[in-house]
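FYI, it's all coordinate maths here, none of it is from the lab. Everything numeric here is computed off the predicted structure, so don't read it as measured data. Here the Cβ positions follow ideal geometry from the backbone for every residue, glycine too, while neighbour counts run over all protein chains shown.
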Amino acid sequence: MPTTITPEHAARLLREGAALVDVREPDEHARARIPAARNLPLSRLAEAELAVEAGRPVIFHCRSGARTDAHGAALAAKAGSRDAYVVAGGLDAWRRAGLPVAEDRRQPLELMRQVQIAAGGLVLLGVLLGAFVAPGFHALAGFVGAGLVFAGITGTCGLARLLRLMPWNRALA
């Protein structure tokens, strides 16, 4: 398992030559990132090359630290014989520590946030229309709920696939 370190310790290791790997998805990395970070999403971890010189320590981070904590064994395996670390609290803690973050607000919101906004909006619309127009509109809320359950069970989200095709997300597709 990688050793958990503070953002300040990670910054010191970076100055000493460590490599920093962002395990978030490309859409998240494009919107906000630690300037020195390379993007290697967890979804592609098994088949992708780490591309870090032998002997060079590697530091992994995500947004909050939850993904790196949950996948510590896989990250350690990917690091191989290199010293491996994870940033406690991820990018959020890095930002709170006052360390530099490169942000590009022109990039679209992260895809999962778009899914949350769209699904929540559709559920709310179905409930309101069901209450004020016709009870049959409650089926919209049920349909969205069933879609979210399906996505959770299968790992396949139809709404995310649809949103990925939208014009504002095409550069990321």
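Charges at C-beta only: +1 for Lys and Arg, -1 for Asp and Glu. How large is the resulting dipole of the chain about its Cα centre, in Debye rounded to 20?
That gives a dipole near 260 debye.
How much length is gained on full extension from F143 to A74, taking 0.36 nm per residue of separation minus their Cα-Cα distance?
Using 0.36 nm per residue and subtracting the Cα-Cα distance, I get 21.3 nm.
With unit charges on the beta carbon (Lys/Arg positive, Asp/Glu negative), name the residue among M1, M112, P135 whose Cα is farthest towards the positive pole of the charge dipole of the chain.
Positive-most Cα among the choices belongs to P135.
Calculate the spin-label point distance for E8 paired with E103, positioning each point 7 Å from the Cα along the beta-carbon direction, and give it in nanometres.
In this crude label model, E103 to E8 measures out at 2.3 nm.
Based on DSSP loop calls and a cut-off of at most 16 other Cβ atoms within 10 Å, the longest stretch of the chain free of exposed GluC sites (Glu not before Pro) is what?
The reported range is 54-173.
Can you give the Rg to Rh ratio for region 3-103, taking only C-alpha atoms and Rh from Kirkwood?
0.92
Full extension from L124 to T154: what is 0.36 nm times the residue separation minus their Cα-Cα distance, to one decimal in nm?
Contour length minus Cα-Cα distance gives 8.4 nm.
Just to be sure I understand the rule: take each whole DSSP H helix in the chain, project its Cα atoms onto its long axis, keep it if the span is 18 Å or more and its mean Kyte-Doolittle hydropathy is at least -1.0. Which ones pass?
Span-like helices here: 111-132, 138-154.
Given a Förster distance of 30 Å, report the FRET efficiency between E53 and R96 from their Cβ-Cβ distance, rounded to the nearest 0.05.
For R0 = 30 Å, the calculated efficiency reads 0.45.
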